[in-house]
Amino acid sequence: MRARDLAEIVPTATRDTTGAEAVHIAAEYRLSALAVVGPEGLPIALLPGSQLLALVVPPYVRDDPQLAHVFSEDAAEEFCGRLASTTIGALIDEGMVSVKRLPAVGPDDTILEIATAMVEHHCPQVLVRDADGAMLGVVTLSRALAAIARLAGEDSPGLRTRLDVDLVDLPNLGHTGQDSMDAAAVSPADPVQRSGGGPNSGGGTP
Amino acid sequence: MTVTAWLALVVFVAAYALIATEKVHRVKAALGGAAAMVIIGATRGHSAFFSESTGVDWNVVFLLLGMMIIVGVLRTTGIFEFVAIWAAKASKGRPFRMMALLVVITAVASALLDNVTTVLLIAPVTILVCDRVRISPIPFLLAEAMASNIGGTATLIGDPPNIIIASRAGFSFNDFLVHLAPLVVVLLVIFVGLCWLLWGRSLHIDPARAAALQGLRGRDAITDRALLGRLGGVLLLVLIGFATHTVHHIEPSLIAMLGAGASILVSKADQSDFLREVEWETLVFFAGLFIMVGALVEQGVIGQLAVALTGAVGDQYLAAAMVMLFGSAALSGIVDNIPYVATMSPLVLDLVGPAEGLPPPKQGVWWALALGADLGGNATAVGASANVVVTGIAKRNGHPISFWEFTKYGLVVTVVTIVAAAPYLYWRYYA
């Protein structure tokens with residue numbers, strides 16, 4: 001199996017996406033990481049789930065994790081509310097979000113290269129990019145693990161579904177199937193965009 | 001001087017310039033300088049590693065290492081966060097009262113721990129408190145950085161320059177308590193007054209926001225009370241060990257290492273946890289610095305300077321102390337006070353001699369060096385490690401403090417505290 005076979009289309013964020021919208025997208029589509037694309041449609045960051053979680057942790061609590069214990073329930077939840085008033089772009093500019101190294105593989109890369117990229121970057125998702133840097137899709141952790149399980153001789157309907165059906169097309173996501181994709185992609189005012197330039201353009205269904 | 005001595009001086013000045021200008025990281029500059037000293041033949045293995053006067057002063061390195069491990073274990077208890085939140089709540093929303101309490105807590109903690117550790121612990125909780133009441137934490141952070149430098153002056157373990165002076169001169173923990181702590185108490189009172197003038201009178205907290213402080217659960221910061229009790233006991237024993245040096249004659253470095261071992265035992269901490277808290281960069285920096293300065297001693301450069309200085313000073317020790325006080329303050333504001341004191345200590349040792357049996361006028365020169373270097377660190381944002389750490393934390397939290405913003409307040413505090421220290425030195429050692 002090559003990266004092009006495992007790549008799937010996922011919703012992405014832009015610099016204008018708010019922090020709240022970013023975690024919304026990741027939660028709704030069960031993404032282990034969220035890609036951020038620039039105006040040209042090229043990826044500029046890939047935020048693993050740990051970084052998305054860190055968005056609600058103020059830097060002073062990151063400096064001293066003991067301080068997380070001193071907040072009341074209301075005060076702790078207040079930090080989540082603050083995500084609505086900040087954008088991914090602002091977080092990148094403030095250094096709250098790291099954009100230094102993009103975990104990426106080429107379309108012909110093997111499962112070993114995909115796994116290595118995930119391990120090396122400590123990121124549960126890798127971008128699949130062509131020679132021009134255009135994003136063809138992503139390989140998610142669950143699909144990479146499903147591929148590894150199949151290659152290790154495991155099999156089940158669930159495993160096959162994870163390999164054959166993209167995350168956005170899996171049932172019981174609140175929205176389902178193509179409707180949800182369209183809902184995520186259509187409005188110009190909506191910062192949420194699909195990766196890969198259009199529906200199914202990155203492959204994903206072998 | 002020999003050719004090697006001149007070469008050693010050139011290497012030293014070049015490395016010092018790199019450290020002062022931060023052209024390269026200070027660890028690289030110190031290690032590069034030490035390597036160059038070996039290459040030019042200014043020092044050799046025996047001098048560098050087995051002589052505290054011409055090489056690494058392991059007493060300093062291990063005292064720092066021991067205290068770093070103790071503090072690394074102690075900080076996991078949450079006691080510092082608890083005390084700082086208690087202070088914020090006790091202020092009942094009055095900003096100057098909050099600032100004064102945090103300043104006193106920082107100064108006292110700084111006397112018992114090193115300055116960098118103290119501000120690393122106090123700065124995040126200060127930003128938290130200010131965030132809750134929606135005021136800028138910058139005045140508080142500036143006051144705390146300066147309070148840590150003032151408080152650290154009081155004890156042997158409070159500030160790295162004091163550790164170097166104690167080791168080179170042979171001063172005990174109690175010597176620092178007797179000679180510097182009384183002055184530091186006075187300076188702290190003066191500093192709190194300065195805080196009012198510089199920041200306190202213009203601070204305001206919205207009463208509606210002040211109520212948010214009462215919702216903070218400081219007690220929850222303490223995750224293991226039994227461990228806190230055990231570690232508190234260890235720290236108390238370490239301090240008693242320092243204070244009773246004249247009875248048992250165990251060096252402070254060994255007391256600190258025994259305390260570090262005891263902390264690890266009572267906390268059952270994993271080595272990866274307590275070793276992570278050690279600032280290895282600082283320890284390596286000290287080692288490189290000691291080898292560089294030691295090479296100057298070995299080559300007779302320091303001795304030559306001391307002879308010239310002794311001729312100039314004669315028996316005018318009051319003038320020497322005042323020049324040392326004001327000169328050290330000025331230089332420490334420009335360069336990190338650690339390399340400054342590492343260089344000056346062997347010079348002062350040649351000039352006035354070791355602590356034992358030293359008459360007060362000569363002793364005053366040593367204390368002038370400590371006061372000048374410690375208090376002078378407040379002058380600029382790069383004058384002391386604590387300042388650098390605080391400005392870094394402030395920036396990371398979206399409250400950048402520019403070099404000049406720090407300096408405009410730091411200069412005032414430095415001038416006032418140094419001018420206040422001068423009559424103390426005169427009254428104590430020369431009147």
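Accessible area per residue for the protein assembly as shown is 41 Å², calculated with a 1.4 Å probe on protein heavy atoms, without ligands, DNA or RNA. Take each peptide in A:65-74, A:155-164, count the other Cβ atoms within 10 Å of every residue, and average; sorted highest first, the result is A:65-74, A:155-164.
Neighbouring Cβ atoms from other chains, within 10 Å of the Cβ of residues in B:394-405, number 2 on average. Considering only alpha-carbon pairs that sit under 8 angstrom and 6 or more positions apart, the relative contact order computed for the range B:85-201 is 29 percent. Counting charges near B:Gly333 (Lys, Arg +1; Asp, Glu -1) among other residues having Cβ under 14 Å from its Cβ returns a value of -1. Within the protein assembly as shown, the proportion of Cα pairs with more than 45 Å between them is 33 percent. Computed from the C-beta positions of A:His122 and B:Met1, the FRET efficiency with R₀ = 45 Å rounds to 0.25. A protection proxy built from the mean count of other Cβ atoms within 10 Å ranks the segments B:279-285, A:142-148, B:30-36, most packed first, as B:30-36, A:142-148, B:279-285. A:His24 sits with roughly 100 Å² accessible to a 1.4 Å probe, with DNA, RNA and ligands left out of the calculation. Shape analysis of the range B:139-280 places it in the oblate category; the axes a ≥ b ≥ c from the Cα gyration tensor give an a/c of at least 1.5, with a/b not above b/c. Relative to the longest principal axis of the Cα atoms of chain B, the long axis of helix B:403-425 makes an angle of roughly 70 degrees.
Note on B:Asn174/B:Leu275: beta-carbon distance plugged into 1/(1 + (r/R0)^6) with R0 of 41 Å gives a FRET efficiency of 0.85. Against chain B, whose longest principal axis comes from its Cα atoms, helix B:79-90 is set at around 50 degrees. With the alpha-carbon atoms of the range A:3-193 aligned to their principal axes, the span from lowest to highest coordinate is 49, 38, 35 Å, starting with the largest. Extending 7 Å from the Cα toward the beta-carbon at both A:Arg101 and B:Val186 defines two label points whose distance is 5.7 nm.
Between the beta carbons of B:His46 and A:Asp93, assuming R0 = 51 Å, the FRET efficiency works out to 0.40 to the nearest 0.05. Averaged over the residues of B:124-132, the number of partner chain Cβ atoms lying within 10 Å of the residue Cβ comes to 5. Separation of the range A:17-35 from the range B:139-189 is 51 Å, based on Cα centroids.
Local charge sum around B:Asp114 (other residues, Cβ-Cβ under 13 Å, Lys/Arg +1, Asp/Glu -1)? Value of the local net charge: -3. Distance between the pseudo-spin-label points of B:His25 and B:Val10 (7 Å out from Cα toward the beta carbon): 2.8 nm.
Remark: spin-label model distance B:Arg428-A:Ala68 equals 4.6 nm, labels positioned 7 Å along the Cα→Cβ axis.
Which shape class, rounded, prolate or oblate, goes with chain B when its Cα gyration tensor gives a ≥ b ≥ c as root eigenvalues, a/c under 1.5 marks rounded, and past that a/b bigger than b/c marks prolate? Verdict is prolate for chain B.
When Lys and Arg each count +1 and Asp and Glu each count -1, what net charge do the other residues less than 15 Å away from A:Arg129, Cβ to Cβ, add up to? Here the charged neighbours net out to -4.
Dividing the summed helix terms, -39500 (n - 2.57) for each DSSP H run of n ≥ 4, by the number of residues in the protein assembly as shown produces a 222 nm estimate of -20000 deg cm²/dmol to the nearest 500. Extension gain, B:Arg209 to B:Leu265, is 15.8 nm, computed as 0.36 nm per intervening residue step minus the present C-alpha separation.
Could you work out how far the C-alpha centroid of the range B:218-276 sits from that of the range A:1-15, in angstrom? About 52 Å separates the Cα centre of the range B:218-276 from the one of the range A:1-15. Given the C-alpha centroids of the range B:19-45 and the range B:385-431, what is the distance between them in whole angstrom? Between the Cα centres of the range B:19-45 and the range B:385-431 lies a distance of 28 Å. Among the residues of B:214-225, the average count of other protein chain beta-carbon atoms within 10 Å of the residue beta-carbon is 3. Sorting the segments A:102-110, B:60-68 by their mean number of nearby beta carbons within 10 angstrom, highest to lowest, gives B:60-68, A:102-110.
The values are calculated or read from the model by the stated rules, or taken from the named source; none is laboratory data. These figures come from a predicted structure and were not determined experimentally. Backbone-built Cβ (ideal geometry, glycine too); neighbour counts: all protein chains shown. Areas reflect the complete protein model, heavy atoms only, side chains present, ligands, DNA and RNA absent. Shrake-Rupley method; radii C 1.70, N 1.55, O 1.52, S 1.80 Å.
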